[in-house]
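In what follows, a structure is listed as structure tokens, so that the remarks can point back to it.
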Amino acid sequence: MSLEIFVWAVIGGVFVTLLSVGGSYYLNQSPSNKQLSRDFLIGAAFTGFLYPLIPDSFDEIKHAITAVELNTLSGTSLSSGDPGIKIGPANF
């Protein structure tokens, strides 16, 4: 469990850092090492604290990512249709 929290914390830190870098380049600035370190630590701490509180949501995200990867690798698309999803007016 602690290794999984660590992995999600690293993923969260990288995600927040990438958002920060994108914002900096959008404003035509170059990010400093201090900014990147700060943003990584903020993202890692936020995700590390958030993960134990709502692990079911993270499990759903993990399963969704795995399903997308498996569908991509097997050559099927997500638009093949899910029998549980119905489109049209509600049948009350």
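Computed from the coordinates by the stated procedures, all read-outs in this text should not be read as laboratory data. Because the structure is predicted, anything quoted here is derived from the model rather than measured. All Cβ positions, even for glycine, are placed from backbone atoms using ideal geometry, and neighbour counts span all protein chains on display.
A few notes on this one:
- Extension gain, Val10 to Asn33: 0.36 nm times the residue separation minus the Cα-Cα distance gives 6.6 nm.
- Separation of the Asp59 and Tyr25 label points, Cα + 7 Å toward Cβ, nm: 3.7 nm
- Kirkwood Rh in Å, taken over all unlike Cα pairs in segment 2-77: 14.0 Å
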